[in-house]
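Reviewing the structure listed below.
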Amino acid sequence: MALFDLTGKTVLVTGATSGIGRAVCRGVLEAGGAVVATGRDGKRLDGVFEDAVSEQFRPVVADLVAPAGREELVRELPSLDGIVHCAGALDLAPASFLSSKKLRALEAINYEAPVLLTTALFKAGKLNPGGSVVFVASVTGFSGAKGHVLYAGSKGALIAAGRSLAIELASKRIRVNSLAPGMVRSGMVEQAAGALGDEAMAAHEAEYPLGFGEPEDVAWPVVFLLSDASRWVTGTTLVCDGGFTAR
Amino acid sequence: MEIKTLIDEFERSIEGLAPGSIAPETRFQELEQWDSLAVLTTIAMVDAEFEVELTANEILACNTIREFAELVEAKRGR
Ligand SMILES: NC(=O)c1ccc[n+]([C@@H]2O[C@H](COP(=O)([O-])OP(=O)(O)OC[C@H]3O[C@@H](n4cnc5c(N)ncnc54)[C@H](OP(=O)(O)O)[C@@H]3O)[C@@H](O)[C@H]2O)c1
């Protein structure tokens, strides 16, 4: 099982304070890798990982939306064998209440930040050959849902950009894949429940053959995409949705 | 805020509602047009027009438009 092991690999995880980001950090550590974890709020970041801080785990406060914040982060980071882009935001709104301000705000964190942070790290020579980049997208990146126009657009753009990056970085043996989760019990599900109501959420969960996921259900597939076990997998999207889009 | 102002905005934003079809005592959750998108639209409408942030569960706890208007008014006062 050595191919699934991450020993000797250093992985950057953005949005490490999120439900999914946090589970990914723990998964990487458990698989033997080292983690550099980013969040905007140092206190929150330290709070989430009170028991994990070790030589293998380094929290870094970073603002991913500001170009200057990304530049500073790139300077600070060591050479990486993997990046998992978990930072992201959701804004559910009906088509009749969209605005350019809302669209740009979502695009900034869901699309611009992961793409331009990856390319800046590549340009700075901080992505090691054999490295693996994982964009945490969403099933809405390719399947429609009411109220999701802006979010879906940002995630679809991310998936498309990932495919072209995979082609361009293949000569350096750097792989780029997206992961498309369905509903995972974390901060974002609470936010969706706030916008849709408990009853609508329960009805939505009934459409999931395996029910809603837990953050760990997404973290282990990410570990696979980071490991050498997936060394021939690039430019693709791994759907992790308990069968939701299989219907 | 006049309840009439809220009713006008409600009728304008929810797809398929005719002007004048809603009264203060209307049990809006029984309307044929009321679905999850209508909930999202109502949240977005009160945010845009009255600068009030509501959750779906808060709206769904109201029976009539009058109760909904009281909720919006109470939040606006804060
Ligand atoms: N949960 C789901 O059902 C689901 C489904 C499909 C896809 N996803 C995707 O999975 C990822 C993680 O989701 P989650 O549910 O675990 O998220 P979450 O608990 O809502 O947390 C969001 C994360 O994004 C970070 N973030 C938000 N805005 C940011 C900004 N402007 N700059 C830097 N960081 C920012 C937050 O960091 P701070 O600590 O700094 O606030 C936090 O770590 C997201 O990309 C989301 O779109 C989630």
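Any read-out appearing in this document is the output of simple, stated calculations on the displayed coordinates, not a laboratory observation. Because the structure is a prediction, the values reported are computed rather than measured. Note: ideal-geometry Cβ built from the backbone for every residue, glycine included; neighbour counts use all protein chains shown.
Within straight-line reach of B:Lys75, meaning a Cα separation under 30 Å, sit the following lysines at least 8 residues removed in sequence or on another chain: A:Lys101, A:Lys102, A:Lys146, B:Lys4.
Between region A:59-123 and region A:158-237, the C-alpha centres lie 16 angstrom from each other.
With K and R counted +1 and D and E -1, the other residues having a Cβ less than 14 Å from that of B:Asp47 yield a net charge of -2. Loop-located GluC sites (Glu not before Pro) in region B:1-50 (DSSP state other than H, G, I, E, B) with a sparse environment of at most 16 neighbouring Cβ atoms within 10 Å: B:Glu2, B:Glu15, B:Glu25, B:Glu32.
A cut-off of 5 Å between modelled amide H atoms, ignoring neighbours fewer than 5 places along the same chain, links A:Leu238 with A:Ser178, A:Leu179, A:Ala180. The packing ranking of peptides A:76-82, A:96-102, highest mean first, is A:76-82, A:96-102, where packing means the average number of other beta carbon atoms within 10 angstrom of each residue. Cross-link partners for A:Lys172 among the aspartates and glutamates, with Cα-Cα distance under 20 Å and sequence neighbours closer than 8 places in the same chain left out: A:Asp81, A:Asp228. Taking Cβ atoms as reference points and 13 Å as the exclusive limit, the residues near B:Met1 contribute a net charge of -3, counting Lys and Arg as +1 and Asp and Glu as -1. Positive end of the dipole of the protein assembly as shown (Cβ unit charges, origin at the Cα centre): among A:Gln56, A:Leu169, A:Gly39, the Cα lying farthest that way belongs to A:Leu169. The charge dipole of region A:2-240, taken about the Cα centre with unit charges on the Cβ atoms of Lys, Arg (+1) and Asp, Glu (-1), comes to about 880 debye, rounded to the nearest 20. Taking amide H as placed 1.01 Å from N in the peptide plane, A:Glu214 has its amide H under 5 Å from the amide H of A:Arg185, each at least 5 places away in sequence or on another chain.
Residues whose amide H lies under 5 Å from that of B:Asn63, counting only those 5 or more places away or on a different chain, are absent; hydrogens are built 1.01 Å from N in the peptide plane. Among residues other than A:Val218 with Cβ under 13 Å from its Cβ, the summed charge is -1 (Lys and Arg +1, Asp and Glu -1). Between helix A:113-123 and chain A there is an angle of about 20 degrees, using the helix long axis and the longest principal axis of the Cα atoms.
A dipole drawn for region A:2-240 from +1 and -1 charges on Cβ atoms has a positive end, and of A:Ala93, A:Ala68, A:Thr140 the residue lying farthest that way is A:Ala68. Within 10 Å of the Cβ of each residue in A:198-208, the mean number of Cβ atoms contributed by other protein chains is 2.
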